[in-house]
Amino acid sequence: NCTDVSASFSIDASIKTLFTCPISHEVLRDPVIAVASGMTYERENIVTWFQREKDVRGDGHWKDPITNVPSSCWMLCNNLLVKQWCNWYWYNKTRSANAPEATLVQSFHAIGGTMQQLCTCPLDKRVFMDPVVLLGSGKTYSRHALIIRDQALAAPSSYGHKICSNLIIRGWCVS
């Protein structure tokens, strides 16, 4: 629960789940969201999965490796919120090459990271309730905050076809 950062939960396991590819189980370097499912993967791993599914099935469809949901949408979107935190992990790991390997938790806390920061929408500064990624930018926002912003600008909300769910952040932040 991101609203209670002092909660007693297994931060090591939670952060490892958040920052690792569910296919390779390695820390992400280039996290992308499979738009059809909203799941985050390492780009290289999901592209390989898509290709294998395409070759095996032969019908232009694929099944998500985690949700097993079939789709014909092969679109990927950068997950910049997750990438930001993974970059710090890799930076700390490189910087401390001669020291014991940095853990995800050490890297996360070394940059002053808190679960509250990870789970806060940059538009309304509230904990994500329905985090979505803008396909063009790869940035994560709350769906509601985007709607409110559009209303304030007196612009019609047109994000319905330009966003996808960020399930990794939703699973982490929404209790």
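What does the extension gain come out to for R126 and H144, with contour length at 0.36 nm per residue minus their alpha carbon separation?
5.4 nm
Taking 0.36 nm per intervening residue step and subtracting the Cα-Cα distance, what contour gain separates S137 from Y91 on full extension?
Full-extension gain reported as 14.3 nm.
Under 19 Å from a label point 7 Å along Cα→Cβ of Q117: give me every residue in segment 132-147 with its amide N that close.
139-142
For segment 66-86, list residues with backbone N below 17 Å from a point placed 7 Å from the Cα of H25 toward its Cβ?
Label zone hits: 66.
Bear in mind that the values in this text are calculations on the coordinates, not laboratory data. Keep in mind the model is a prediction, meaning the values are calculated, not measured. A quick note on method: Cβ atoms are made from the backbone with ideal geometry, for glycine too, and the neighbour counts reach across all protein chains shown.
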